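Please treat every number below as a calculation from the coordinates, not as lab data. Note that the coordinates shown come from a computational prediction; the quantities given were computed from them, not determined experimentally. Every residue, glycine among them, receives a Cβ derived from its backbone with ideal geometry; neighbour counts consider all protein chains shown.
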Amino acid sequence: MTKADILHERSSIEAQIRDHTLCTRLQDIADAHPDAPAYSMRVGDGWETLTFGQARAEVLAIASAFAALGLEAGETVCLMMVNRPEHVLADLGAVHAGATPISVYATLAPEQVSYIAADAHAKIAVLGGAAELARWQHTLEVSPDLTKVIVLDPEACPSGDRFLTWDAFVALGRERHAADPSVAEDRLRAVRPGDTATVLYTSGTTGNPKGVPLTHRNISYEVASIEQTSSLPDFGAQISYLTYAHIAERVLSLYLPLFKGSHVHFCPDLTQLSTALREVRPVLFFGVPRVWEKIMAGLLAVMAAQPEEQQAQVRAAMAAGVAYIEAGQNGATPSPEIVAAYEKADAALLSLARSLIGFDRALWLSSGAAPLSIEVQRFFAGLGLNILEVYGMTETTGACTVNTPNRYKLGTVGPALPGIEIRIADDGEILMRGPIGTGGYLNLPEATADLIDEDGWLHTGDVGSIDDDGFCRVVDRKKELIITSGGENISPANIENLLKEHPLVGQALAFGDRRPYPVALITLDGEAAPVWAHARGLSFTGLADLAEHPEVLAAVETVVAKANERLARVQQIKRWKLLPVEWSTETEELTPKFSLRRRIIHSKYSDSIELLYTD
C-alpha cells in the first residue's frame, strides 16, 4: 500500500470522527437506543442491568456531583476499583465534567500510587473499599491536592469531611442536576476532540510509571479503525474483566460500546471468568496471552484425563480445525476438501466444545500486550477459533497493527490499522505514525523526545519485521534481547513461549545476557499442575512439594528438550531450575499485564541463576 493510499484511508476516518467526543457518543447511543442494555453486574444468581438511557442519566448526575465538589475542568480524578458499572460511570462522569479520569492499577505499591497522584495533581479519588483505601493511605497522608475521597463500600468509608460514600455522592449529583442541569450540559458541550480523555500510567518493569495522555480524537480514531476491521455486529454481548488501567480493556469495554451499543457484563473476579464466559457467550473477547494459556491448560488437563480412544477422536477433529484456519490465511479460500472435513468435525465435536467454554457465538477473539505462542493459536484453531493477534501499546491508544477475520496470518500481529504508518528502523525497531499516537508523556519532556522523533515517528521499543504482504512480526522488546558472550542476539520471549506451551508450566524466564548460553527459571501452573498430578495418581501437599517430585521434574525435562528441538543451537536452554513458587503481581515478578518484571526476577533469584552457571 502506497503512502497516498494510507493517507486517503486516514482522511476518510478522520472525516467520520471529526466532531466526536466520548460525550457526544454516549448522547448519540442513549438518544437512539435508550432501552438497550449497556452494563450488567452479577447480583446473586442473576444480572442487574443499566440501559444506555439510564447510564447517561447517571453520568450527568455524577458530572454535576463532581462540579458540586469543586472539581474544575482540566483537573484530574483517580479511580481504583474493580470492573463494575460504577467504575465506568465515574470515569464518564469525570469526562462530562471536563475533567480527566485516571484508572490506577490496584496492584501498585502505596508509594507508586502516591507518585501518580502527585504527578497528575489528583483532586478527587474514587475507591472501591478497604483494600483500595489501604493502598491510598500514604497518599492521603502526603497529598494536599487530594481534597475528596469517594468510597463505593459504605462500610469501609472513613468518617470526616474528606470522605463521602458513593451513594451520598450520587444523591448529591441527582439533586444538583435536577436543580440546575445546565452545569453538566455546559461542561460537556465545552469538551473538544483534542482534549485529554484519560491518562494511563504504564506499569513498566523498572522505575516510576509514565503518564500517557490520550485525547478524544486518539480514542475515536482507534475505535473507528477497530470497528472497521473487526466487522462486529451492533449490540453484541461482551465481558469486562481486565483492569481499566489497561488500554485494551478501556478501548474494548469502555469506549467501543459507545460506538457499537455493546452490552458489557462485568467480571471483577478472574476466577469466575470461565463461568461468565459460559453465561454471557460473548461476541468479542480479548485476552492477554496468559489468559489464553490458562484456558488452554485447563482444556488440555481435561482432555488428558479422557480415554485414549476419545483423545484420538478429539485430535482428529482438531486437526481439521487447524487445517481450516491455516488455509484461510491472508484472505485465501480453503479448498472444498478442507471445508468439508472441517464442517464434519465441527458438527461432530468442535461446535460442542466451543459451546462448553462459552465461545459458540464468538466472532472476534483477540490477544495482545505480549507475544502469543503460535502453538496456543494452533490449539484454539483446532477448536475452530481464530485468535487474532494484535500489536500496540498505551502510547498508540492500543492496537496499531491487527489481524482481522478476513485478513490474518498466524504468528504475526497483522498489518497496520487503516491510515496508520508502520516501518522498521535500521536497528530493527518498530516505528508508528498516525492519529492514534499520544502527544507525549505527562511532565516528562526528555522521555517524550525519546518516544517521538522530529518526523513524528513514535518509537515503540520493540524489534520486529514486516513481510511482503504487510504483516508485522514482533521479535521482542529492544532492551530485553539477550546478547550472549559469543555475540548472539536471542529473544527470551521466543524461548519462554515454547516452554509455556505445556500445561504444567506457569511462567518461564530465559536468561543469558553476556553469558555463554541461555538458562531458564520455570514455575508450575498453580491450577493446571495439580490437575496434571492427580490424573497420574501423584501424592503431594502443595505446589512446592510438586516442584520437587521426580515425575514432575522428568516431565519438565521433557518440556525443555522439546522446546530445544525447535530452537537454534545458540538459543537452546542448557540448564534450568523449577522453582517452588508461583509468580504474580503481588509477589512483584509480574506486571499488571502479566509481563515479566525481568530485573526484579534477575535480582530476586540471582543465586539460583548463578548456580545454573556453576559447574
For this session: Along Cα→Cβ, 7 Å out, is where each label goes; now give me the distance between the ones at ALA15 and GLU548 in nm to one decimal.
Result: 7.1 nm
For this session: Round to the nearest 0.05 the FRET efficiency obtained for GLU565 and GLU326 when R0 = 30 Å and r is the Cβ-Cβ distance.
Result: 0.90
Problem set entry | Förster radius 22 Å - calculated FRET efficiency between GLU527 and ALA348, Cβ distance, rounded to 0.05 | 0.15
Seminar exercise, completed: Of 83-96, 421-434, 516-529, ordering from highest average Cβ density within 10 Å down gives 83-96, 516-529, 421-434
Exercise. Arranged by the count of other C-beta atoms within 10 angstrom, fewest first, what order do TYR244, TYR441 take?
Worked result: TYR441, TYR244
Seminar exercise, completed: Extension length gain for GLN311 and GLU557 (0.36 nm per residue less Cα distance), in nm, is 86.2 nm
Exercise. Using modelled backbone amide H atoms (1.01 Å from N, in-plane), which distant-in-sequence or interchain residues come within less than 5 Å of GLY392's amide H?
Worked result: ALA369, CYS400
For this session: Find how much the distance from LEU7 to VAL43 grows on full extension, using 0.36 nm per residue of separation minus their present alpha carbon separation; answer in nm with one decimal.
Result: 8.1 nm
Problem set entry | Length gained when the stretch ALA118-ALA32 is fully extended (0.36 nm per residue, less Cα-Cα span) | 26.9 nm
Problem set entry | Long-range amide H partners of GLY506 with built H, under 5 Å | THR523, LEU524, ASP525
For this session: Give the order of THR215, THR271, THR587, THR100 when sorted by the count of other beta carbons within 10 angstrom, beginning with the fewest.
Result: THR271, THR587, THR215, THR100
Problem set entry | Among the listed pairs LYS500/LYS562; LYS294/LYS409; LYS294/LYS500; LYS478/LYS604; LYS479/LYS500, those beyond 18 Å (Cα-Cα) | LYS294/LYS409; LYS478/LYS604; LYS479/LYS500
Exercise. What is the fewest-to-most order of GLU582, GLU337 by other Cβ atoms lying within 10 Å of their Cβ?
Worked result: GLU337, GLU582
Exercise. Do you know the relative contact order of the stretch 257-375, to the nearest whole percent, from alpha carbon pairs under 8 angstrom that are 6+ apart?
Worked result: 46 percent
Seminar exercise, completed: the stretch 517-531 and the stretch 533-555 have their Cα centres apart by a whole-number Å value of 12 Å
For this session: Measure out, as a whole number of angstrom, how far apart the alpha-carbon centroids of the stretch 348-364 and the stretch 73-148 sit.
Result: 39 Å
Exercise. Nearest 10 degrees, 0 to 90: what angle lies between the long axis of helix 289-304 and the longest principal axis of the chain (Cα atoms)?
Worked result: 50 degrees
For this session: Express in whole angstrom the spacing between the alpha-carbon centres of the stretch 586-612 and the stretch 205-234.
Result: 30 Å
